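Enquirer: Okay, handing you the structure first.
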Amino acid sequence: MTFRLTRRRSIRAAATATAFAASVALLAGCASSSSGDTASGSDEPTPLTLQTSWIPLVQFGGSYVADKEGYYEKNGVSVDILPGGPDVDSMAAVASGQADIGMGNADTVARANEQGADLVIIAAGFQKNPLAILSSPDKPIADPKAMEGMKIGVPSGDEAAQDAIIAANDVDASKVTSVPVGFDVAPLVSGEVDGLWVFYSEQPIAYEEATGKAGTVFLTADYGLDVYAQVYAVKKETLEDADKKAAIEGFLKGEIEGWQDYVADPTEAVDLTVNDYAKDGGLTIEEQTKQAELQMDLLVTDETKEHGLLWISDDGIQKNIATLESLGISGADESLFDTSLLEDVYAGKNTIE
Amino acid sequence: MSATTASGTGRDAVRATAIATERARAGREARRSSISGWITTVIVSLVLLVLWEIAADLWLTRLGVLASPTAIIQSLIENPQLYWGAVTTTAWVAVRGWFWGNLAAIAVATLFVQVPIFESLFLRLALALFCLPLVAVNPLLQLTFDPDTAKVVLAALSVFFTTLVGTMLGLRSADGGPLTMVTAWGGRSLSSLRFVRLPSGIPAMLTGLQIGAAAAVLGAIFGEFIGAKAGLGVLLINGLMSLDLARVWSVALLATVMAAVPYGIFGLLRRWLTPWSASISNAQQLSAPKRGSVAGRLASAVAWTIGSIVVILLAWWAYLIVFDVSPFVGKSPIDVVNYLFASDEAAANRAMMLDALDVTLVHAGVGYVAGLVIGIAAAVSFVTFPVVERVLTPLAVALRSVPIIVLIPVLILALGRGLGGVVAITAIVTFFPTLANTQGGLKRVPTDAFTLMRSYDSSTWSTLWRLQLPYTLPAIFASARIAAPTAVLAATLAEWLATGDGLGHVIVSSRAHSDYTGLWAAAAILTAVSLIFYSLVSWAERVVLSRYAPSQVG
């Protein structure tokens, strides 16, 4: 109880402090400018928390740009970007009210809802699911059919994805051996497994670094595991409150502006990641630049070129729902997505200026 | 008369000189043997380091599992600020967790020993906290506390139970003689505590603080898995993601040093602060065996067990209410009962859990025996051969303080994913408290008992078998008790990371699928099993100790 209370109180205290600082700034502004701008009290930014899904990486580079360049502030929100980690459940953080916005895959959101959460996806950072299968070029697994006769390392919890890709591509399940793995490529490098489930923009770099040759990679999104990833999910009830919805829209606008900068030139995002937001993570510019470039394949598609980054299309929704069904998740339908915020912030254009 | 006195004095003087010469000789001998011991230690350690370097350079680095000592040193030298920052961040969490966890453990242990009713009611609750699998606890801590507090709580939880059991053992090891004396002089139980129990409990407490350092470091690193920007855990995750082996093993080395420094300091403290512990005779008082009808004793045991279960369930509910845990994540005992017995899928859920439990029991059972045997064997060889102790203690501390995910690739490569791998993982997690407790116990054998054995010309092994091991039985049993729930936990860890079956797998995949009811149910089953396992070992302990060391039976 005390901890919760202290936490709430400290948030409130922080909010008050921010408000105080803002009003001081306004007063200072009034004092210095003789014309005396009209200061309206509602100008103070609404505090929001964004629960990311992993420890700080260029994977969240657009958010760092939005924060640093003041795109959030400009749109009336101040965003606390919370680091994630292997044991962080961002959907539970949103469902329990600890965070306002959570990042995760569409299937994670659907599973949380299946278990009684009431979350809705408002935007999709990665248009393509980054889950990929990495294998040695000497024993390549270029498509699901090639998994037959192979030993595949599957991170615990992703077995459903493995089953789904096997079922969707007419693979003989009895010929595929699965073993649990963590998030390093050691089992593949040592030859213990033939294929490994990886994050498209991360482990393949490590594999090439370790073995001196580029691994064979196929995106599971191209073989039926077509879900949006790094989506932004909020509680449904958050959108029912007009003020809160406005704040979330403000966040989304700032977020898109950050990612627009990232897509135009990821240098700043890489620099912010390595030297600021993840400065204690021991990352390197070279490696994060490679990751940032690979990530473009996930962020930018024909659809985002037409409608804008983070877009959710009707076609995409249908594909997502089909995939969610193949993953054995029940109860997922169009109501999992709310595209109204994206429509509002883009207002028919494909960029935000 | 005077002549005899004079000649007597003369003889005394001769004898005194002889004794002095002999003492000096023995002193030189001891110094020489200790110096040659250290030389052996250094040589053996260097040979091991060279072997490590060669194995890594030729083979293991290319396989992506182990960095060489030179690669580690190079990485440390090239990024001093990075590593220093990570060490201080993680150490600050570990130190606070270690402090609060041990403080709570010592306070609770004292309370339990002084007021046995509390022990009967609450020990199982403490045990239940210890039995909770990390994969299940981490998300709950993340959602219950602010990030910093969550990490400290995790580190505190990691040290609590081991120190609790160790301290209770120490307080109980108070000599029957002095205790009787305090009582005979009219002292109350508080005086016994102050004058007898606390002093004689200090060595065991210090052992708890020693072991706790490694556990706290590990807890602090795993705490960073629930969201962090800095610390050894963050470096570890990034190192693993990019397969930067030098980074990963530098973190492993630093974690070991962070655990080894307090381990060494508290070991020395134990030696200096409590010289009496090994010198006073431990004449044991024979307490009258407990009488009373079998039925009566059984009834009271059942009553206490039911009482403890009620306490655990109440604590479970209280946690959900006090911390206002969101119902999405926090499931009550009723939810779990529904999941297992009342819902439409109850039968399927039960079948799934029972199948998984079967697997876990085999893994835990085999790993338990292996960990215990290795721990006791290591303790015996450490005490018998000081060189072995000096060479292998750092390795033992390393195995306990290096996160298991760093070791997993090496273990799987060496032993595969079958029972061999599981046993290795379980043994690594369980053997350390056994080693430390048994070693502590062996060292506390009274010196006059040794003198007696020596005067009968008893061999090293005979002394070990006839004197040291029986004397160490209480410590061995305390270790066996701690190891019981630890083995269950370790088996789930191995299942999560290596085999992909059993309750460990059920827990991880429930979490991945946001199935928190399944997760709580699996955690509840694991806890129940660990409690039963623990009780069985306690029962065996009572039977054996009532024969060999009656004062230990509380």
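Enquirer: Please list, in order along segment A:340-353, the HN-Hα scalar couplings obtained from phi with the Karplus expression 6.51 cos²θ - 1.76 cosθ + 1.60 (θ = phi - 60°), rounded to whole Hz, x for Gly and Pro.
Expert: Residue by residue, segment A:340-353 yields 5, 5, 4, 4, 4, 6, 7, 6, x, 8, 10, 9, 10, 9 Hz.
Enquirer: Another one. Heavy-atom accessible surface, probe 1.4 Å, ligands and DNA/RNA ignored: which residues of segment B:66-99 lose at least 20 Å² versus the isolated chain?
Expert: Buried by 20 Å² or more upon assembly, which counts only protein chains, are B:82.
Enquirer: I'd like the interface area for chains B and A: accessible area of each alone minus the complex, both sides summed, 1.4 Å probe, protein heavy atoms only. What is it in Å² to the nearest 100? Walk me through the numbers before you get to the answer.
Expert: Values: alone 27090 and 16570 Å², together 39080 Å².
The buried area between B and A, both sides summed, comes to about 4600 Å².
Enquirer: How many angstrom lie between the Cα centre of segment B:425-495 and the Cα centre of segment A:266-340?
Expert: 55
Enquirer: Taking the Cβ-Cβ separation of residue B:334 and residue B:111 as r and a Förster radius of 35 Å, what is the calculated FRET efficiency to the nearest 0.05?
Expert: Working: r = 31 Å, r/R0 = 0.88.
The computed FRET efficiency comes out at 0.70.
Enquirer: Okay, next question. Roughly how many Å² is the accessible area per residue of segment B:331-554, as a whole number, for a 1.4 Å probe? Display every interim value, and only then the final one.
Expert: Working: 8580 Å² over 224 residues.
Value for segment B:331-554: 38 Å² per residue.
Enquirer: Moving on. Could you list, in their original order, any pairs among A:139/B:229; A:68/A:290; A:151/B:331; A:213/B:229 whose Cα atoms are separated by more than 29 Å? Mind dumping the intermediate values first?
Expert: Numbers: A:139/B:229 37 Å; A:68/A:290 22 Å; A:151/B:331 37 Å; A:213/B:229 31 Å.
Result: A:139/B:229; A:151/B:331; A:213/B:229 exceed 29 Å.
Enquirer: Taking amide hydrogens as modeled 1.01 Å from N in the peptide plane, which residues meet the under 5 Å criterion relative to residue A:49, leaving out close sequence neighbours?
Expert: When sequence neighbours closer than 5 places are left aside, the close amide H contacts are A:80, A:100, A:101.
Enquirer: Label-point separation (nm) for residue A:241 and residue B:20, each offset 7 Å from Cα along Cα-to-Cβ?
Expert: For the pair residue A:241/residue B:20, the computed spacing is 8.9 nm.
Enquirer: Right, another one. Nearest 500 deg cm²/dmol is fine: what mean residue ellipticity at 222 nm does the protein assembly as shown get from its DSSP H runs of n ≥ 4 alone, each adding -39,500 (n - 2.57), divided by its residue count? Write out the running numbers ahead of the final one.
Expert: Numbers: 38 runs with 599 residues, N = 907.
Mean residue ellipticity at 222 nm (helix-derived): -22000 deg cm²/dmol.
Enquirer: What FRET efficiency, computed as 1/(1 + (r/R0)^6) with R0 = 60 Å and r the Cβ-Cβ distance, is obtained for residue B:48 and residue B:295, rounded to the nearest 0.05? Please report the intermediate quantities before stating the final value.
Expert: Numbers: r = 59 Å, r/R0 = 0.98.
So, using R0 = 60 Å, E works out to roughly 0.55.
Enquirer: Relative contact order (percent) for chain B, with alpha-carbon contacts under 8 angstrom and 6 or more residues of separation? If you can, show how the numbers build up before the last one.
Expert: Details: 727 pairs, mean separation 104.9, N = 554.
Here the relative contact order equals 19 percent.
Enquirer: What ratio of Cα Rg to 2.2 N^0.38 Å holds for segment B:331-554? Let's see the in-between values first.
Expert: Working: Rg = 20.7 Å, N = 224, 2.2 N^0.38 = 17.2 Å.
For segment B:331-554, the normalised Cα radius of gyration comes out at 1.20.
Enquirer: Skip the ligands, DNA and RNA, and give the accessible area per residue of chain A with a 1.4 Å probe, whole Å².
Expert: Working: 14280 Å² over 353 residues.
Result: 40 Å² per residue.
Enquirer: Work out which residues of segment A:90-116 lose at minimum 40 square angstrom of accessible surface when the other protein chains are put back, relative to the chain isolated, with a 1.4 angstrom probe, and list them by number.
Expert: The answer is A:92, A:96, A:98, A:111, A:115.
Enquirer: Can you compute 3J(HN,Hα) from phi for each residue in segment A:96-107, using the Karplus curve 6.51 cos²θ - 1.76 cosθ + 1.60 with θ = phi - 60°, rounded to whole Hz and x for Gly and Pro?
Expert: 8, x, 6, 10, 8, 10, x, 9, x, 8, 4, 5
Enquirer: Per residue, how many Å² of accessible area does segment B:17-72 show with a 1.4 Å probe? Spell out each step's value before the answer.
Expert: Values: 3810 Å² over 56 residues.
It amounts to 68 Å² per residue over segment B:17-72.
Enquirer: Now for a different question. Given points 7 Å out from each Cα along the Cα-Cβ axis, report the residue B:129 to residue B:461 separation in nanometres with one decimal.
Expert: Output for this residue pair reads 4.5 nm.
Enquirer: For chain B, what are the DSSP H helices with axial Cα length of 20 Å or more and mean Kyte-Doolittle hydropathy of at least -0.5? Walk me through the intermediate numbers first.
Expert: Values: long enough: B:2-55 (78 Å, 0.34); B:80-114 (49 Å, 0.85); B:116-131 (22 Å, 1.73); B:147-172 (38 Å, 1.18); B:198-223 (35 Å, 1.47); B:245-273 (41 Å, 1.29); B:294-322 (41 Å, 1.84); B:346-384 (55 Å, 1.41); B:386-401 (22 Å, 0.91); B:419-443 (34 Å, 1.08); B:469-494 (34 Å, 1.30); B:516-548 (47 Å, 1.07).
Flagged H segments are B:2-55, B:80-114, B:116-131, B:147-172, B:198-223, B:245-273, B:294-322, B:346-384, B:386-401, B:419-443, B:469-494, B:516-548.
Enquirer: Considering the dipole of the protein assembly as shown built from charges on the beta carbon (Lys and Arg +1, Asp and Glu -1) around the Cα centre, which of A:84, B:208, A:133 is farthest to its positive end?
Expert: Of A:84, B:208, A:133, it is B:208.
Enquirer: Using Cα pairs closer than 8 Å and at least 6 residues apart in sequence, work out the relative contact order for segment A:111-186, in percent.
Expert: Working: 56 pairs, mean separation 21.3, N = 76.
It rounds to 28 percent for segment A:111-186.
Enquirer: Shifting gears a bit: Compute, for chain A, the length of the dipole vector about the Cα centre, with Cβ point charges of +1 (Lys, Arg) and -1 (Asp, Glu) only. Units Debye, rounded to 20. Mind dumping the intermediate values first?
Expert: Details: 24 positive and 58 negative charges, 203 e Å.
The calculated dipole for chain A is roughly 980 debye.
Enquirer: Assuming a ≥ b ≥ c are the square roots of the Cα gyration tensor eigenvalues, decide whether chain B counts as rounded (a/c under 1.5), prolate (otherwise, with a/b larger than b/c) or oblate. Spell out each step's value before the answer.
Expert: Values: a/c = 2.10, a/b = 1.30, b/c = 1.62.
Oblate is the answer for chain B, as a/c is 1.5 or above yet b/c matches or exceeds a/b.
Enquirer: Now for a different question. How much of the DSSP bridge set in the protein assembly as shown is antiparallel, in percent, rounded to the nearest 5? Working shown, then result.
Expert: On the way: 18 of 34 bridges.
Expressed as a percentage, antiparallel bridges in the protein assembly as shown total about 55.
Enquirer: Let me check I've understood the local charge: for residue A:110, count other residues with C-beta under 11 angstrom from its C-beta, Lys and Arg +1, Asp and Glu -1. What total comes out? Don't jump to the answer; show the numbers that get you there.
Expert: Details: positive: A:111; negative: A:107, A:114, A:325, A:333.
Here the count lands on -3.
Enquirer: Mind ranking B:387-399, A:251-263 by how tightly packed they are, going by the mean number of other C-beta atoms within 10 angstrom, highest first?
Expert: On the way: B:387-399: 18.9, A:251-263: 24.4.
With the highest mean Cβ count within 10 Å placed first, the list reads A:251-263, B:387-399.
Enquirer: HN-Hα J couplings of segment A:144-156 from phi, Karplus 6.51/-1.76/1.60, θ = phi - 60°, integer Hz, Gly and Pro as x?
Expert: Using θ = phi - 60°, the values come out as x, 4, 6, 6, 4, x, 10, 9, 10, x, 10, x, 3 Hz.
Enquirer: I need to check one value: relative contact order of chain A, counting alpha carbon pairs closer than 8 Å and at least 6 residues apart, in percent.
Expert: It comes to 24 percent, rounded to a whole number.
Enquirer: First compute the accessible area of the protein assembly as shown with a 1.4 Å probe, then give the percent of it belonging to carbon and sulfur atoms.
Expert: Numbers: 25020 of 39080 Å².
Exposed carbon and sulfur together represent 64 percent of the surface.
Enquirer: Out of residues 5 or more away from residue A:153 or on other chains, whose amide H comes under 5 Å of its own, with H placed 1.01 Å from N in the peptide plane?
Expert: Sorted by chain and number, the residues that satisfy this are A:179, A:194, A:195, A:196, A:197.
Enquirer: Could you order peptides B:323-333, A:235-245 by the average number of other Cβ atoms within 10 Å of their residues, highest first? Walk me through the numbers before you get to the answer.
Expert: On the way: B:323-333: 18.5, A:235-245: 13.9.
Top to bottom by mean Cβ count within 10 Å: B:323-333, A:235-245.
Enquirer: Moving on to the next point. In nanometres, what is the gap between the two model label sites at residue B:306 and residue B:321, each 7 Å from Cα along Cα-to-Cβ?
Expert: Label at residue B:306, label at residue B:321, 2.2 nm between them.
Enquirer: Averaged over B:48-58, how many beta carbons belonging to a partner chain fall within 10 Å of each residue's beta carbon?
Expert: Numbers: counts 0, 0, 0, 0, 0, 0, 0, 0, 0, 0, 0.
Partner Cβ neighbours, averaged per residue: 0.
Enquirer: Quick one: which residues, 5 or more positions from residue A:215 or on another chain, have an amide H under 5 Å from its amide H? H modelled 1.01 Å from N in the peptide plane, none for Pro or chain starts.
Expert: A:208
Enquirer: When all protein chains stay in place, what accessible area (Å², nearest 10, 1.4 Å probe) is found for residue B:229?
Expert: The value for residue B:229 is about 100 Å².
Enquirer: Mind ranking B:85-93, A:343-351, B:441-449, A:296-304 by how tightly packed they are, going by the mean number of other C-beta atoms within 10 angstrom, highest first? Present the calculation step by step, with values, prior to reporting the outcome.
Expert: Details: B:85-93: 21.0, A:343-351: 12.6, B:441-449: 18.7, A:296-304: 16.1.
Highest-to-lowest ranking by the protection proxy: B:85-93, B:441-449, A:296-304, A:343-351.
Enquirer: Roughly how many Å is it from the Cα centre of segment A:115-151 to that of segment B:51-129, as a whole number?
Expert: Their Cα centres are 34 Å away from one another.
Enquirer: Other chains near B:318-328: what is the mean number of their Cβ atoms within 10 Å of each residue's Cβ? All intermediate terms of the calculation are to be shown ahead of the outcome.
Expert: Values: counts 0, 0, 0, 1, 4, 4, 7, 2, 8, 3, 13.
Taking all residues of B:318-328 together, the mean is 4.
Enquirer: What is the sum of charges around residue A:160, taking Lys and Arg as +1, Asp and Glu as -1, for the other residues whose C-beta is under 10 Å from the C-beta of residue A:160? Kindly include the intermediate steps, with their values, before the conclusion.
Expert: Details: positive: A:111; negative: A:107, A:158, A:159, A:163.
Once positives and negatives cancel, what remains is -3.
The values are calculated or read from the model by the stated rules, or taken from the named source; none is laboratory data. The structure displayed is predicted, hence computed values, not measured ones. All Cβ positions, glycine included, derive from the backbone under ideal geometry; neighbour counts span all protein chains shown. Side chains are part of the model used for accessible areas, which takes the heavy atoms of the whole protein and leaves out ligands, DNA and RNA. Shrake-Rupley method; radii C 1.70, N 1.55, O 1.52, S 1.80 Å.
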